[in-house]
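Engineer: Okay, handing you the structure first.
Derivation of every value follows stated rules applied to the coordinates shown; laboratory data play no part. The shown structure was predicted, so the numbers you read here are calculated from the model rather than taken from an experiment. Note that we place each Cβ from the backbone using ideal geometry, even for glycine, and neighbour counts take in every protein chain shown.
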Amino acid sequence: MKKNKMMRLASCLLVAVLLTTSMISGTFAKYTTTVSSEDAARVAYWGFQASNSMDIKALFTDKYTNVDSVDDKDVIAPGTSGSKTFAFAWDEEVSAYGAQVAVTGPEVAYNFTVAVEDTCDPLIKDNKNIQWKLDDGAWGTWDQLVASIKALSGEEDGSKDYDPNTLPVAFTKNDDTHTIAWQWNFGGTENYTVDGKPLTQDEYDTYMGNAAELDDCSIKITITATQVD
């Protein structure tokens, strides 16, 4: 009997302790502050593509109608002509961008340079029958052609900085192309003086074809887009 009373007393004390602990813990105040933040990013879009760009091979060739080079080297001759179309590809497809918004240019600032390395011997440059042009421009001189190609950058010196989301006017789409063309006309009424000797147009053309060292010309175009700080 005494044992049962002790057990009941112990149980009552345990309940009392639990209730007291609960009441006391509930009265203790505490500070709590929660801050949460997150961020995500994708790679900035560039868009300029090296594939299918800048190919001007076959501007000159070793064979034309009634002209056939004996050493397979490319040649030019009276009555011949040629042209070559080139591009600098910029991909405007939204599928390449990864977001369904209009793509208006690289998302970074960049420098756009159109460099021309060229050689053209004087007899070719000075021959009024040999003419050159870019796109739908007027037929002109070799130097005018080179200047027109450099200007595709947006500046006469061949180099221009662009802000993000902008493109050079000459390359605003991935199908923008440009064409170099040349022609060596028959005939002509120009007069020349070579080594102190006056020459008609035909005589000048013939002089070029009989020179001990035949004049030549070459052109290399390099277009570069480079991100800037």
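Engineer: Given R₀ = 22 Å, what would the calculated FRET efficiency be for residue 195 paired with residue 121, taking r from the Cβ atoms and rounding to 0.05?
Structural biologist: 0.90
Engineer: I'd like the FRET efficiency for residue 213 and residue 54, computed as 1/(1 + (r/R0)^6) with the beta carbon distance as r and R0 of 25 Å, rounded to 0.05.
Structural biologist: Once rounded, the FRET efficiency stands at 0.20.
Engineer: Could you sort out which of 125/220; 57/133; 57/128; 84/173; 73/220 sit more than 21 Å apart by Cα distance in this structure?
Structural biologist: 57/128
Engineer: Sort 146, 228, 67 by Cβ crowding within 10 Å, fewest neighbours at the top.
Structural biologist: 228, 67, 146
Engineer: For a protection proxy built on the mean count of beta-carbon atoms within 10 angstrom, sort 38-45, 216-223 highest first, please.
Structural biologist: Top of the packing list down: 216-223, 38-45.
Engineer: Sorted from fewest to most neighbouring beta carbons within 10 Å, what does the list 28, 186 look like?
Structural biologist: 28, 186
Engineer: Please express the Cα-Cα pair-distance distribution P(r) of region 63-227 as a list of whole percents, one per 5 Å bin, running from 0 to the bin with the greatest distance.
Structural biologist: The percentages, shortest bin first, are 1, 8, 14, 17, 15, 12, 10, 8, 6, 5, 3, 1, 1, 0.
Engineer: If you don't mind, another one. Taking every pair of alpha-carbon atoms in region 125-190, what share in percent sits in each 5 Å bin, from 0 to the bin with the longest distance?
Structural biologist: For region 125-190, the pair-distance distribution reads 3, 16, 22, 20, 14, 10, 7, 5, 3, 1, 0.
Engineer: Which residues' amide hydrogens lie under 5 Å from the amide hydrogen of residue 61, considering only partners 5 or more residues apart or on another chain, with H built in the peptide plane?
Structural biologist: Residues meeting the criterion, in which the H sits 1.01 Å from N, are 75.
Engineer: Using the Karplus equation 6.51 cos²θ - 1.76 cosθ + 1.60 (θ = phi - 60°), what ³J(HN,Hα) coupling, rounded to whole Hz, does each residue of region 118-126 give in order, writing x for Gly and Pro?
Structural biologist: Karplus values, whole Hz, x for Gly and Pro: 9, 9, 8, 5, x, 5, 6, 4, 7.
Engineer: At a Förster distance of 25 Å, what's the computed FRET efficiency of residue 66 paired with residue 136, Cβ-Cβ distance as r, to 0.05?
Structural biologist: 0.30
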